[in-house]
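Read-outs throughout are calculated quantities, based only on the coordinates presented, and are distinct from any laboratory measurement. The structure presented is a predicted model; accordingly, all values stated were derived computationally and were not measured. All Cβ positions, even for glycine, are placed from backbone atoms using ideal geometry, and neighbour counts span all protein chains on display.
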Amino acid sequence: MIAEQCTLALFGALGDLALRKLFPSLYQLDRANLLHPDMR
């Protein structure tokens, strides 16, 4: 199932949690084509 189109705003993008957990998770979701193509 592909998620609906949305805009993702990530506050604290240079923090430890974002760098170790959030960015790798978003990358894996994108690789698996589970994110909407128009997601910003």
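Electrostatic bookkeeping for residue 27 treats Lys and Arg as +1 and Asp and Glu as -1; over the other residues with beta carbon under 15 Å from its beta carbon, the sum is +2. Its alpha carbons considered, the chain gives a radius of gyration followed by a Dmax of 10.8, 30 Å.
The distance between label points at residue 32 and residue 11 comes to 2.8 nm (points 7 Å beyond Cα on the Cα→Cβ vector).
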